[in-house]
Amino acid sequence: MNDVTAVDVPPDAPPAVPPAAGLKSAEILAAEKAVAAIMTGVKNFGVFAPEHASTINMLQGVLRAITQYGEIFGSLIFEVERQSLVFQGKPIYEGPPGDDNPAFVLFRAGISRFEFAPGLEENEVVRFFEIYNHYRVMADEPDDDLVSALWRAGLPHIFYEASYELWSEAETAVDYDALSALAPADSDGPEVTARPGKGWEALRVESSSDNYRKVSLALLPNLNEYCALSQAEQETLLAMVAEDTPAGGSEAAVRLMFMLLARESAAPVHEAALGFLQEVYLNFLANRAFQRAYFILDNIRKEAMVAKESKPWALPAFEKFYGVVLQPEIIDSLVAAWPHFGAMGAMEVKALGAILQQLPAKIAAQLVAQFNKVEIPEAQKLFVEIIVQHARRDREVLAAALHSEVEQLTLAMLAVIRELNDRNLVEQLLPKFRYDSRSQVRQETMRILASHNIY
Amino acid sequence: MEKNAYQKMSSGEQLLHALHSLTNMVRIYQGNNQLVRNCLVQLTESMTPLMTGAGLRVQLENGRFFINEEKLPRRRGVVEHVLELFYEFLTVRGIGALQFRTGIMTAPPEALVGFAVLLNECGERVDGPDWLDRQFRESGLDWVSVQVLAAGSERPARAAGERERRRPEPPGQRSPRKVYAYTLRSLRDVAQKISVNQRVGMRKAVRMVQTMVEEVFLQEQPLLLAMSTIRAYDDYTFTHSVNVAILSLYIGRQLGLPRETMECLGVCGLFHDLGKVTLPYDLLNKSEALTSEESAQLRRHSLDSTRLIVQLLAAPADRKSRVMIPPFEHHLKYDLSGYPVLGWTRPISLCGRILTIADVYDALTSPRVYRKEAMSADRALGLMVQGLGTVFDPLILKVFIRMLGVYPIGTLLELDNGEIALVSRAPLAEDLHRPWVVILREDGQGGFVRGAEVNLAEQDRDGGYCRRIVGSSHPSSRNIQPASFLT
């Protein structure tokens, strides 16, 4: 029979020793792997498009590493220091302070501890990287920061500890016992009635009078019953909350800005109001809310006319507005809306058309150049109508559209020329079209020339 | 400065307190601001009993202050906390001693302000004390000199290699006093920059509002609501704005508003009176009746708040939209009969309706220069009920009253057994007349100490109430700051 003893251990052999110092535990190795994946993610997120294979692989790698850690060891928690991330008391990532060091970026935001909890999902990782990227470089007077953005995002498996003590305690402490709730002693004197006028400030307070005593809520009969909320009232409150939306705020704000433009007579106010409206207008365009965008554009046009008449100091602010909203990229974004033509409501289409018609003639020339990108027949029809409107007013647009490679446009311009019935125009623009390769164009040209006795 | 508390301090403590207050005030206000001037008066008054022919010396050693070579006794409480902060303020700047000469007693206010400003600024200098001394000489402030901090006089540093492990307070357990103080600071910072027409980010204010939202949601007791009873006569505008933000958030919680709306509501509360920043101090604190021009100027403040938010806040348009509307609306009234009169026909937004209630309630219960006595909270609510449907959204006001009870937190009550008490917690909805209260006992020095907390709904064996309310008044009538006893 064979001896199945695996090892013959001499009786005086030393006891088995633990792994040599420097060998890491499985937990630390897993944490390092996860942190390394996260660091790769923060550096590379946004380099490629979201649907690019590199981005997809990177995100999956991050999620996999964190999930693998979490399945065995639970939440991945590390402390945040100025230049390093610390795991179980030892640095797991270190680098020089600066915007390229994720530890520094988190530290600067006031975060002292960061946690990825089990159950983390890919959309949370994406959102975290988006927020991190956005706030990696801090502006001079930031509106918010990484912590407030994370707070707003409310990611269910990402936690952090952040201090709210954004100044030194020495500089911020309030001596509450020293605050005086009293008026100065020399205000003793005749009863002072409150300011005249409407509103609750205009309250006469006579502490010794019976009227004052009678005001107390305690004297209201059946108060408990009065204050009970009925079922209907509770439902009304729920509806009230549900109906309160950010979009409502935008519309009210836009109207308020036009009130400011109408009432205020200081250039900085106009600049600020128009700057705000410009941003809202561009947001509306980006979201294809063309009716709302048109409302802004049309009312600004009216205000600009008023400014021309009576507020010349405000004109630079309007010029600045148009300088931004008429940039080629903006027009491109309008053209980019055409593929979604079929999904847009009739009112939105009408509003888009109205916006394009409001734009200056030079923009129409851009439309001409973009025409061949518009494939849907209904959209093409509307586009032609808009170009025709502009062409009637502007010779340059007319000439540009006339020379378009798109036959539909050329024919439409020929119709405009016929309508305008201007011999000089005909003489200038048409002769070469006798030889145009497109037969319909040639024929229409000959007809117009003939009508002016030009042969 | 509240008389009793100040008088309880020794002369040395009064001096250090005054120096600490002055260095804080000049960071926030211009030199000609009344609050700064008050600090200057306190400073020179506190120096009078301590000034000798050789001058007055303030020295730091081993964590303790020495005034004219005499060690200042350590005392527990708020005074010690303030002194610790001032000690830290000086040691961070490497200052070991301040030597004042008799000339300071006749120094003009501008010179004293300049001294405090330089004291703040030297914190940014590597060679702080030397730089400071040079600046004093060059500015003609020859009545003060500094000495460098001696080795060993600092607080013990951390051991080499020891990592900083200061964990922030967890949400729901944060100090309400600190949260209030930091929120006040965030608002002051914004207002200060706006007053000099400087563009300003909302970052810190937003962070403090988010912190407050968490505390409103998570605190077991409404400690932050207790802080909203703070009444600072000399600092009304800012404390009022913080109070309105807190009250609005608690209403929002009752309504079940989502987090993002709560954040917007808090920011609106904080900034609703931003337009007053540009109004003259004398107008805001005028005791006589306003002229019609002054009244019109004051009524512009809601439109000015909007204008300032648009002009000077560095926020994207969607956030500005949500923040600018409620401040614009807060004096329009529920039925749109208020001001500004611009032909505004849109219904008041939800946040606007909440803000109106919080704003009026805090204003009515605050002592103001043109109102001899502030209203007690139960009377303020009784008056507000008369505005249901006209000034106030009736449902939201009902929610507000349910939340606070007849005698809201901070109301001073007289009980049938002769005790006086502060309302500390709202009552149950079934009986809004009987809140929880903290009994106040006289301390024999003109002030009060906190006694037991009792529930006025408690009944004796015969089914009667153990204690009954016979009267209510505003805590300022006895110079009481409720927050001191409730947090």
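Rule-based calculations on the coordinates, nothing more; no lab input. All figures in this text were calculated on a predicted structure; none of them were measured in a lab. Using ideal geometry, Cβ is built from the backbone for each residue, glycine included, and neighbour counts are taken over all protein chains shown.
What to note about this one:
- Entry for the protein assembly as shown at q = 0.07, 0.09 Å⁻¹: log10 I(q)/I(0) = -0.76, -1.11, Debye formula applied to identical alpha-carbon scatterers, no solvent contribution.
- Dipole of chain B, positive direction: furthest Cα of B:N417, B:G201, B:N62, with charges on the beta-carbon: B:G201
- Mean Cβ count within 10 Å, highest first, over the residues of peptides B:130-137, B:246-253: B:246-253, B:130-137
- Eigen-decomposition of the gyration tensor built on the alpha-carbon atoms of segment B:236-289 gives equivalent ellipsoid semi-axes of 28, 11, 7 angstrom, largest listed first.
- Sorted by Cβ density within 10 Å, fewest first, the residues B:C351, B:C122, B:C264: B:C122, B:C264, B:C351
- Segment A:252-298 and segment B:209-230: distance between their alpha carbon centers, rounded to Å: 36 Å
- Within the protein assembly as shown, helix-based [θ] at 222 nm, where runs of 4 or more DSSP H residues each add -39,500 (n - 2.57), nearest 500: -16000 deg cm²/dmol
- Normalised by 2.2 N^0.38 Å, where N counts its residues, the alpha-carbon radius of gyration of segment A:301-455 equals 1.20.
- About its Cα centre, the dipole of segment B:176-404 is roughly 420 debye, where the only charges are +1 on Lys and Arg Cβ and -1 on Asp and Glu Cβ.
- Size of segment B:3-148 as Cα extents on the principal axes (Å, biggest first): 38, 35, 33
- Percentage relative contact order, chain B, counting C-alpha pairs under 8 Å, at least six apart: 10 percent
- What separates the Cα centres of segment B:84-144 and segment B:374-412 is a distance of 49 Å.
- Taking 37 °C and 0.692 mPa s as conditions, segment B:176-404 diffuses translationally at an estimated 186 µm²/s according to Stokes-Einstein applied to its Kirkwood radius (Cα pairs).
- Average projected area [Cα convex hull, chain B], square nanometres: 27.0 nm²
- Average partner coverage of B:207-213, which counts Cβ from other chains inside 10 Å: 5
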